Structures are given as C-alpha cells and as structure tokens.
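The values are calculated or read from the model by the stated rules, or taken from the named source; none is laboratory data. Predicted model, so just to flag it, every value in this text is computed and none were measured. Cβ placement follows ideal geometry from the backbone for every residue including glycine, while neighbour counts extend to all protein chains displayed.
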Amino acid sequence: MQPAYIVPAAEWDTLTARLARLEAAEQARTVASTAPPDEVLSTRAAAEYIGLSIDALLRARRAGRIGGVRLNEKDWGFRRSVLDKYPRRYHRAAA
C-alpha cells in the first residue's frame, strides 16, 4: 500500500509552478551547454574581421575596450562574439 498525502490547493499550485520554473531553467542550461563554442580568431584575422589595423586592435585590448584571449606568451586571440559587439560601440564609420 502506498501512502497518500493531502496537500492544500494553494500549496499544490505553488509547488507545480516552482517545478515548472526549475524544469525550464534546466532545459535552458542544457541548451546553453550544447551551444557551439565561440570561435577564437588570431590577432591578424581579428583585425581584418573588424576593419582595424593590428596595432589599433592591440591598443584597444590594452585599454580594456575589447577583451582578448591569451594564446601563448606573445600572441593574443579574440572571440568572434566580442568582435561583433565592438564596432557598434566604439568604431567610427568610415566616411
């Protein structure tokens, strides 16, 4: 014989709403973890992609305007998503 518990309707609604939120959060977390990793471009490729010189790109990284990824002791890489956000915020349109 299985035990049965009587739960008031208000508490039942609260529990089912919480369960739905937890399931939605878990589904969003699993979808986010299965997303493809962001591509990391070399300094030269990133400068060409964004339309800046290599020196200007490295100056922007040193100034903190754009985030870089350390590839080795002297080379930097840049995530494509970070580069996509950069021109809309800092880059001046060519005349």
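List every residue pair whose Cβ atoms sit under 9 Å apart, with the two residues 6 or more apart in sequence or on different chains, where the first one lies in segment 72-95 and is farther than 15 Å from S53 by Cα and the second, anywhere, is of a type in the set (K, R) and at pLDDT 70 or above.
R89/R65
Could you tell me how many of the residues in segment 53-72 are in a loop (DSSP other than H, G, I, E, B) and within 23 Å of P37 (Cβ to Cβ)?
Matching residues across segment 53-72 total 5.
Show the residue pairs meeting these rules: Cβ distance below 7 Å; 6+ apart or different chains; first residue within segment 34-63 and more than 14 Å from W76 (Cα to Cα); second residue surrounded by 18 or more Cβ atoms within 10 Å (Cβ to Cβ) and among the hydroxyl-bearing types (S, T, Y).
Qualifying pairs under 7 Å: I50/Y86.
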